[in-house]
Structures are given as structure tokens and as C-alpha cells.
Amino acid sequence: MSHHDANRLDRHAYIDSVIHRLDPRAKVVATFVFIMTVVSYPKYAVAPLIPFVFFPMIMAIMGFVPMGLLLRRLLIASPFIVFIGIFNPLLDRMPMFHIGGLALSGGWMSFISILLRGFLCVGSAIVLIATTSMPKIAEALGELRAPRALVVQLMLLYRYLFILLEEASRMSRARALRAGAGKARIGVATGMISTLLLRTVDRSDSVWQAMQARGFDGQLRAPRRMKWKMKDTMFLLIVIAGSLALRIFPVTRLIGERFFP
Amino acid sequence: MHMADALLSPEVGIGFLVASGACLGYSAKKLRDEGDERKAPLMGVLGAFVFAAQMINFTIPGTGSSGHITGGMLLTMIVGPYAAFLTIASVLIAQALFFADGGLLALGCNIWNMGFYPCFVGWLIYKAIAGRNPSKRRLSVAAVIGPVVALEMGAFSVVIETLLSGKSELPFGKFFALMLGIHFPIGLIEGLVTVAVINFVYGIRPEVIKVNLGLGDAYERGKRSYRPVIITMLIAALTVGGVVAWFASAHPDGLEWAVGRMTGSNELAAPHGGVVDKFGEIQKKTAILPDYGFKEPENAPKKEGEGEPHWPQVSGGTSLSGAIGSFIVLAISGLIGFALIKIRGKKPHEH
């Protein structure tokens, strides 16, 4: 698990752009609508899914999300999808898709479809975090009626996430310097995890004291309320209408038929 | 073991989101009733700890590969089931966002598979085995069995979710044997590391462990004798696991038969009757253009030579126009992308 990429995604969430300025609630709901539409296609759908590239692409470009980072995360995220999906071409050999003399089996079609879905869904999730930031997503979830305890938990987790990741990587580096390259033995790793746990608990004690000193009562208060603006309504409407339109009309095929009647 | 958006159907995704959401709401309520505000910072920091602990990779004895702990059972033993469930859920949300593990729709499934089982089932197992005044031996046994059971149940859930969604062609028997076979040793190692960490921490800061587990004098007394117990346990578990795995791989048909009996259909991937058919009906009713090509029932029975074919009949013409359309859309998106990059201006600074 590389925490450098996560770190970059996190820092990127604090720049300013058209996409960053949209209301977090609008972005969370739009991303969810988008993902629901993508996964609602039947399993052999490939061509109809392609126009959906526009949503994450436009969001990523206008939000200045670094493309290299986005692509690398997409590739790293795919092993499990590939692992499960690769059985489709092996098991489903019925020819299905013909161009000239070339025939593609149903299994390959559904495998390509799975990969495409993966890229679209994971891509939109990465774009969401890179343009919204974790605290704002947590707040948005709270506004959308998620339990208060979960919102507080997400915010506290986020606050200590990178600190503890740094701590763990320092410990790993220290071990590597003493023991040479290669992975730790299981006993050594257990010791490291235990030490990390003890330090974590100690940290939680001091955090608790600091919070008490500041009058913590089980709630974390956002510095300012979110403001829903006209452009947020517009953005959400465009995403919903666009997703529905693509779902209803086979745009890709219609365009293809225009050029190849 | 992260379930992915790409393998899910909307019905399964939403179903598990609702189930996990209900559990989250219940856990949040339970925590509020407990009224222990001190838990809030502990949970937050422990969530970050789980992330950090997953960075510490170790070699798995006997194999060339390496792994890390998932920490579900460990959290449950330190803060109790409700706080642990909320913590795991938050970890999975952060993983879905920062590390692109799984996806947002799959969160419901993932919170269920990796949160519900270790936290609630694991806790029940711990309570049942360790009892009120646990000895070191009982605690160790519980901490090993808990993760094994939780991981196997989670793996089983992944199989069920994948098959109900109908995006994968994997047959139930083989998929079942594969997933449960892989996760058995993973669960064992998770359990052994959990025991070791609990005991290590107990040696230095007993109060951290004592609070939730209610450890008493028996724990101290049992200090010497837990090694042989673990070894016995390991052998027993391996034997049982081996037998199950052998049975599963040797008789997939038997398993399919058993599941067929349970669900009233022979193959989960393409069932008629039961849940999937219900969803199918709902889908048909809610379909905007029911006669349209893409609404073709993908769960139609796979019988050759009679009735409807398994997948929508595609003629060469539509295939080709689909392919050409795809390339054109991709080209257009590329052009628009370049245009947007040109007009968007310079990257603003972080602030």
C-alpha cells in the first residue's frame, strides 16, 4: 500500500478549481448516481459504457487531478477485478461479437465490460476524493443523514491517518536498516504491530486530554456550513439527466450507424 | 478480499448498502447509549492504526508470499463490537476513496464482509469460548477461531455477492472452494498475530486489553500452557480445513446440489425463481423501454436450442456499428479532453 499516492490525492483536494468549489453533497450524490448507472448495464455491455468516460474525464481535467496518479491508482486497483473477471473468457466461449471474419466470445465481451466498469467506478471515486477532501465528504455524508458517530469517526480517522502511516513507515525503515532488505519475519512484525498499537493508545490518551481541554462533547463542529448554490443544482441535474439519457438511448450505436449505415 | 463495483449489480450493491447502513445506525445508537465519549478519540486513532498496521508486511511461513493483518478481530477485542464496526467501516470508506479499493457502491458489501463478521460474529465466538473470566488459553483459542470463521464467512459472502450479481461466469462450487481455500490460512495467520499482539500488549499495558475483555485472575494463571494448545488447535483447524477444502474441490457438484436445495435452483449464476427472478421482475417493471435491446434478460435460462438464446442475439451489423461508435466516442472524448486541458488555464496553488 503506497501512502504517497494517498498523500498526493489528499493534498490535491485543497487546491481551488471549478470542481473543487462545487458543493460536496452534489459531488457525492452525482458520483453515486453515476456509479449506479454504470453498474446497471447488463453484463455484455461494452459500447454503451464508453460515453460514460466523459464524467470522470471532465471532472478530472477541470479539477486538475494529476493524470499519471489517476492512471496508476486505476491500474493498482484492478488485480482483484482481473482475477475474477479473467475466468469469463475461459468459461464462456460462445461467439457473440462479429466484425467481418473476427468473432469475439461472450466471455471476452463480459470481461472487457467488467474492466471498463472497474475503471469508471474507481476513477470516479478517485476524482471525488481528489476534488473534495475527506472532511468535506464526511460532512456531506452527515448532511445526507449518515449517523453522527460515523461522521466524527471519519474525521478523527482522517486527522490521524497520515501521522500513523508515517509512524509505521518509520518503523519499517528502522527495521530494514537493522535487518537488511526483505520482509519482516512474522514474529518481528507482530512486535512492531504491538508497539504501534501501544503508541496509538498512548496517543489517543493525549488526544482525549486535549479534546477535553477544548470542551469536546461528542460532536465535531464544522467551521462553516455548506452552501448549496444554483451551480450545484445545475451540476447535479446535468449528471443525472446525462446518465439517464445515455442509459435510455444507445448513443454509441447511433453514432456508429451514422457512419456505417 | 475487497468486493468491486465492477462485479456488482445495482440490486446486490444497494441491498448490502442498506444492510450495512442499518448496522451502522444501530452501532452508532449503541455507542451513544454507552455514553463513553472517551472512545471517540480511541476509535479515530485505532482506525488510523489499522491502516498503518496494514503497511507492516511479513513473510508468511511456508510460502513465498507476504501478507498483512486486517485487524478486525483485534479491534473488536480492544473496543468491543459496536465501536469496532464503526471503526472498520470508516477504514473501508477511507480505503475506497484514497486507495481505490473496491469502490463506493461496493462499500455496503465490503463493510458487511469485513466488518459485520469479525465484529459481531467474532465477538459472539469470543464470548462463547472465552466466557466471563477468560484464561489465557481460552482467550487465545477464541482469538484464533474468531478470524478464521470471520474470514471464511466474508469470503463466502464475496462468492454469494458475485454470483447474485451475475457478472462473473465462475461456477459456484469452484469459486466457493477457491475463495474459502485461500482465506483459511489467511484467517489462521490473522488469528495467530492477533493472539500475539494481545498478549504482548497485555504484558506491558494490561489495562488496555482488560477493559473490554473483562480479563480476570484466570488469565494470569494460564500463562504457561497456551503454546501446546495453539499447536493442537492449529493441527485440528488444518485438518478440518483440509477436509473441507478437499470435499469442496472434489465434490463441487455436491455443493451445488446442496445450494440448489437451499435456494430452489440448480445454478446460482443463472437461477430462475428466488431472489434474482424477483429482482428481474422489478427490473422489468421499472424498465423504461422494456423491449429495447439492452433490457434483454441477462439471467435467462441457459438452455441451448430452445426458446430465447442466453444473450441478446447480435447481428454483425449492430456489432460493427457498436464498435465504430465506440471508437468515435473515444476519439471525441480525447479531443474534448485536450481542448479542456488547453482552456482550463494554470493549476492553482494549494492553500
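Say a site is exposed when it is one of the chymotrypsin sites (Phe, Trp or Tyr not before Pro), sits in a DSSP loop, and has at most 15 other Cβ atoms within 10 Å; what is then the longest site-free stretch of chain A?
Here the longest segment lacking exposed loop sites spans A:15-227.
With a point put 7 Å past each Cα toward its Cβ, work out how far residue B:132 is from residue B:182 in nm, to one decimal.
4.4
Please compare each pair in A:229/B:347; B:136/B:210; B:30/B:127 to a cut-off of 21 Å on the Cα-Cα distance and tell me which ones are over it.
Beyond 21 Å between Cα atoms: A:229/B:347.
Provide B:178, A:75, A:197 in ascending order of the number of other Cβ atoms located within 10 Å of each residue's Cβ, fewest first.
A:75, B:178, A:197
What's the longest piece of chain A with no exposed trypsin sites (Lys or Arg not before Pro), counting a site as exposed if DSSP puts it in a loop and it has at most 10 other beta carbons within 10 Å?
In chain A, the maximal stretch lacking such sites is A:1-144.
Considering chain A, what Rg and Dmax in Å follow from its alpha-carbon atoms?
Gyration radius and largest Cα-Cα distance of chain A: 23.0, 76 Å.
Just need the relative contact order of chain A here, percent rounded to a whole number, with Cα pairs under 8 Å and 6+ apart.
32
Would you compute, for the Cα atoms of region A:138-261, the largest minus smallest coordinate along each principal axis and list the three values in descending order, in whole Å?
That works out to 69, 46, 20 Å along the principal axes.
Tell me which trypsin sites (Lys or Arg not before Pro) from region B:20-57 have a DSSP coil assignment and no more than 15 other beta carbons within 10 Å of their own.
Within region B:20-57, the qualifying trypsin sites (Lys or Arg not before Pro) (loop, at most 15 other Cβ atoms within 10 Å) are B:38.
Going by how many other beta carbons lie within 10 Å of each one, how would you line up B:321, A:172, A:206, fewest first?
Result, fewest neighbours first: A:206, A:172, B:321.
I need B:1, A:134, B:73 ordered by Cβ neighbour count within 10 Å, fewest first.
B:1, A:134, B:73
Using a Förster radius of 41 Å, what is the FRET efficiency between residue A:206 and residue B:328 based on their Cβ-Cβ separation? Nearest 0.05, please.
After rounding to 0.05, the efficiency reads 0.10.
Can you give me the pair-distance distribution of region A:1-149, C-alpha pairs, 10 Å bins, whole percents?
Going out from 0 Å in 10 Å bins, region A:1-149 shows 11, 34, 31, 17, 7, 1 percent.
Which value in Å does the Kirkwood hydrodynamic radius of region A:148-213 take, with 1/r averaged over all unlike C-alpha pairs and then inverted?
Taking the inverse mean of 1/r over all distinct Cα pairs, region A:148-213 comes out at 13.6 Å.
Residue A:50: net charge of surrounding residues, Cβ under 12 Å, Lys/Arg +1, Asp/Glu -1, itself excluded?
+2
Just so you know, all these numbers are worked out from the coordinates, no wet-lab data involved. Only a predicted model underlies this, so the values are computations on that prediction, with no experimental measurement involved. Ideal geometry is used to build each Cβ from the backbone, glycine not excepted, and the neighbour counts take in all protein chains shown.
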